[in-house]
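The values are calculated or read from the model by the stated rules, or taken from the named source; none is laboratory data. The structure presented is a predicted model; accordingly, all values stated were derived computationally and were not measured. Here the Cβ is made from the backbone with ideal geometry for all residues, glycine too, and neighbour counts use every protein chain on show. Note: areas computed on protein heavy atoms with side chains; ligands, DNA, RNA excluded. Shrake-Rupley method; radii C 1.70, N 1.55, O 1.52, S 1.80 Å.
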Amino acid sequence: MGYKIAVIGATGNVGREILNELALRDFPYTEVTAIASDRSAGKEVSFGEDEVLKAIPLNTFDPKGYDFVFASAGATVSKDVGKKIANAGAVYIDNSSAFRMDKDVPLVVPEVNPKALSKIERGKGGIIANPNCVAIPLSLTLHALESFAPVKRVVASTYQSVSGAGQEAMQTLYAQTKQLLMGDTHELGPFTHQIGFSLIPMIDTPNSEGITGEEAKIEAESQKIIGHPFGITATSVRVPVFIGHCIAANITFETDKDIDLETLSSLFNKQEGLTFHESNDRVVTPKDVAGDEDVHVSRLRKDPSDAHSINCWIASDNLKKGAAQNAVQIAETLLEFWES
């Protein structure tokens, strides 16, 4: 059986990657429609090896008869059209923050909490939230460890590539790098500070307590995905890398048991969607994970300051598992429920 699919934001970084994932993973479809803003309508995007889709404007899109609508056009757009599309009978899989913390909307990493999708019925429509690009790999890592003991606290320092801020951010990094090497003046683009040959220890706008929107998303979404509250604090840093987000995570367990790294290693090795690198000589970089489907964990070690804590390094492709791939996996998991 094939399904009728639309992708909103098809000309953007994540939208293009969703189309790529649908083709790579042989998702069963009868028709795929590319949708963009008025400014980008008419642009052509590749789908599979041979097909090219011309994007239609969102304001002309009629969702009736569609089974899945993948959206990657920002929270403002999703708040405007998400419920309308779901009410028309389509499953709206949203990559923005618009519905993530809505108690009635599943926030899903398929390898962690697939049962959250069980209430979405075929033909009835609904909204499913695709998590933040850091919350996904962090939650997958924590889920693997919860077989040892419940997580009590996480300190996450994130190092996030410019692709997480969109195409303009990637173009700015490229242009700044050339300009700085030539000694020319440079434009900041969408950034508040220079990103070429530097880093910016603030992603999004801080609230009155100094916590940025990005940090708040990581903290709240990770707890919703894991399914129980735990202490978590994050510091998010934008780094001059095109693709790949990384996390230095300090994880404390709710246990009196001694931490056995061999046990934790075996849990990582069993976790679907995760590649574990046992040797501490193996350092996983953003370059290593670009284009890779898995979340990679390396540098696992005990925290010498706390007998119940560990440190590890987490890396993943933010456009794939951190966004597009996870969204398509959500749809695949939903099909398994429907067809079982």
By residue number, the members of segment 5-27 that are farther than 20 Å from A86 by Cα and either assigned to a loop (DSSP other than H, G, I, E, B) or open to solvent by 10 Å² or more (accessible area, probe 1.4 Å) (or both) are T11, G12, N13, V14, R16, E17, N20, A23, L24, R25, D26, F27
Considering segment 64-104 alone, what residues qualify as being under 16 Å from A323 (Cβ atoms), outside any strand (DSSP E or B) and of a type outside the set (K, R)? S72, A73, G74, A75, V77, S78, N95, S96, S97, A98, F99
Looking at K64, K43, K84 in this structure, which one is surrounded by fewer than 18 Cβ atoms within 10 Å (Cβ to Cβ), out of contact with any Asp or Glu (no Cβ under 7 Å at 6 or more places or on another chain), under 19 Å from T11 (Cβ atoms) and modelled with pLDDT of 95 or more? K43
Of these, S309, S279, S266, which one is over 22 Å from the mean Cα position of the chain (by Cα) and over 26 Å from Q160 (Cα atoms)? S266
Residue match in segment 144-152 (condition: of a type in the set (S, T, Y), more than 21 Å from A220 (Cβ to Cβ) and open to solvent by less than 40 Å² (accessible area, probe 1.4 Å)): no
Counting only residues that are assigned to a helix (DSSP H, G or I), more than 14 Å from R25 (Cα to Cα) and of a type in the set (G, A, S), segment 301-340 contains a total of 2
What number of residues within segment 281-300 satisfy the criterion of being open to solvent by 80 Å² or more (accessible area, probe 1.4 Å) and either closer than 22 Å to E254 by Cβ or outside any strand (DSSP E or B) (or both)? 4
